[in-house]
Amino acid sequence: MTADTVANTNLKSDQILQCVLTSLDDDKAEEVVTISLAGRSSISDHMVICSGRSSRQVGAIAEKLSERLKEEFGVFCKIEGKDAGDWVLVDAGDVIVHVFRPEVREFYQLEKMWVPTSDAS
């Protein structure tokens, strides 16, 4: 990979992350945590974890996010768990988003696997 390719990949990754964060804010996602996976995982550059107040809101947050990424970047996201609405995974390639109901998020404590609480942003 050339330096220009790496720079373009990072730029796109950061743009997708910004779109994700804006979408989550617009849809009233709560307790949004962003974790950089660069150099720590080959699956993605960023992971975002957030909560919705109900199963219905969790599903709606994921659906709207997928629609926005498709419109803005032509990214077709893979979505898992939307029907149950407890924990929805949105795979946007460079950014992986987990949307939880608060009780389910507390049970799994996914962010603690990647970063100590004091480092989460």
(message) Can you find a residue that is surrounded by fewer than 17 Cβ atoms within 10 Å (Cβ to Cβ), under 19 Å from D45 (Cβ atoms) and among the aromatic types (F, W, Y) anywhere in the stretch 100-112?
(response) no
(message) Restricting to the stretch 35-79, give me the number of residues that are surrounded by 13 or more Cβ atoms within 10 Å (Cβ to Cβ), closer than 16 Å to G93 by Cβ and not hydrophobic (A, V, I, L, M, F, W, C).
(response) 9
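Which residue is farthest from I61 (Cα to Cα), if the candidates are limited to the stretch 25-41 and must be aliphatic (A, V, I, L, M) and touching a residue at least 60 places away in the same chain (Cβ under 8 Å)? Explain how you work it out, then say what you get.
Let us first name the residues in the stretch 25-41 that are aliphatic (A, V, I, L, M), namely 29, 32-33, 35, 37-38.
Now narrow it down to the ones that are touching a residue at least 60 places away in the same chain (Cβ under 8 Å): 29, 33, 35, 37.
Working: A29: 7, V33: 15, I35: 19, L37: 22 Å.
Step by step, filter the stretch 25-41, then rank; the result is L37.
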(message) Condition first: touching a strand residue (DSSP E or B) at 6+ places or on another chain (Cβ under 9 Å), modelled with pLDDT of 95 or more and of a type in the set (K, R). Now tell me which residues in the stretch 48-89 satisfy that.
(response) R53, K78
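Every residue in the stretch 10-45 that is touching a Phe, Trp or Tyr at 6+ places or on another chain (Cβ under 8 Å) and under 20 Å from V104 (Cβ atoms), please. Write out each step before concluding.
Residues of the stretch 10-45 that are touching a Phe, Trp or Tyr at 6+ places or on another chain (Cβ under 8 Å), as a first pass: 12, 15-16, 19, 35, 37, 40.
Selection gives I35 alone.
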(message) Within the stretch 80-95, take every residue that is acidic (D, E) and within 14 Å of the chain's Cα centre (by Cα) and give me the one that is surrounded by the fewest Cβ atoms within 10 Å (Cβ to Cβ).
(response) E80
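Taking S118, is it at pLDDT 95 or above and either in contact with a strand residue (DSSP E or B) (Cβ under 7 Å, 6 or more places away or on another chain) or not hydrophobic (A, V, I, L, M, F, W, C) (or both)? Working first, answer last.
Numbers: at pLDDT 95 or above: no; either in contact with a strand residue (DSSP E or B) (Cβ under 7 Å, 6 or more places away or on another chain) or not hydrophobic (A, V, I, L, M, F, W, C) (or both): yes.
Judged against the criteria, S118 is not a match.
The values are calculated or read from the model by the stated rules, or taken from the named source; none is laboratory data. Treat the numbers as computed from the prediction; the structure is a model and nothing was measured. All Cβ positions, even for glycine, are placed from backbone atoms using ideal geometry, and neighbour counts span all protein chains on display.
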